[in-house]
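Take a look at the structure set out below.
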Amino acid sequence: MPVYTDGSKTDERVGCGVFNDTILSFTLHSSMSVFSAELTAILVALQHILVSDHRHFCVYTDSMSALESLHSLTERRHPTVMEILLLLCKLERKGFDIIFCWVPGHVGILGNEQADNAARSLSDHMQQPVCYHDLKASILRYIHSVWQETWDQQVINKRHYIHPSITH
């Protein structure tokens, strides 16, 4: 049985969506990265599979980085990757057969488009922890924007004329 997943991040919001026989859609914390949203969508799909009567599933995602992270053997794994791997072990012990497949995004694959629309839609907020890396990146973006706003007020400064934008 096919299950499509997708994560989405815009300036306004972060979300994840899952499409199979139903559509699941969640709004995530605004500090989450699109990578974390993609992983969360896979986690939600597996949680949905856990209560299914079917035993054979193909989970489709357009996130190659999410799929690669499930096979990576680094010691600094994303916390959601760890949750996914634990849930996969549980599903395997219960007799589920799950394979993962990459699909190209935004090329008209109906299931992928449905998951993408679900990820972008306004939906219930999901309480999912924000990982350290996402939080750090969000804080750095905020600090940079405050610094840029302060620098933009220095219009009399000669250096501002030469370098109007702050670099990292």
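The values are calculated or read from the model by the stated rules, or taken from the named source; none is laboratory data. These numbers were taken from a predicted model, which means no experiment stands behind them. Here the Cβ is made from the backbone with ideal geometry for all residues, glycine too, and neighbour counts use every protein chain on show. What goes into the accessible areas is simple: the full protein's heavy atoms, side chains included, and nothing from ligands, DNA or RNA. Shrake-Rupley method; radii C 1.70, N 1.55, O 1.52, S 1.80 Å.
Worth a mention:
- Residues (more than 30 Å from L43 (Cβ to Cβ), of a type in the set (F, W, Y) and surrounded by 11 or more Cβ atoms within 10 Å (Cβ to Cβ)) located in the stretch 116-167: W147, W151
- Failed item, numbered, when A137 is tested on (1) within 19 Å of L28 (Cβ to Cβ); (2) in contact with a helix residue (DSSP H, G or I) (Cβ under 6 Å, 6 or more places away or on another chain): (2)
- Qualifying residue in the stretch 49-67 (condition: open to solvent by 60 Å² or more (accessible area, probe 1.4 Å) and aromatic (F, W, Y)): no
- Members of the stretch 18-32 found to be crowded, with 20+ Cβ neighbours inside 10 Å and hydroxyl-bearing (S, T, Y), listed by number: S25
- Matching residues, the stretch 13-53, being among the acidic types (D, E) and under 15 Å from the mean Cα position of the chain (by Cα): E38
- I99 meets all of the listed conditions (1) part of a helix (DSSP H, G or I); (2) open to solvent by 70 Å² or more (accessible area, probe 1.4 Å); (3) hydrophobic (A, V, I, L, M, F, W, C); (4) in contact (Cβ under 8 Å) with a residue 24 or more places away in the chain but one, namely (1).
- The selection criterion, being in a helix (DSSP H, G or I) and over 15 Å from T61 (Cβ atoms), does not hold for R77.
- Number of residues in the stretch 140-154 that are part of a loop (DSSP other than H, G, I, E, B) and touching a helix residue (DSSP H, G or I) at 6+ places or on another chain (Cβ under 8 Å) equals 1.
- For the stretch 80-93, the set of residues classified as in contact (Cβ under 8 Å) with a residue 24 or more places away in the chain and charged (D, E, K, R) consists of E83, K90, listed by residue number.
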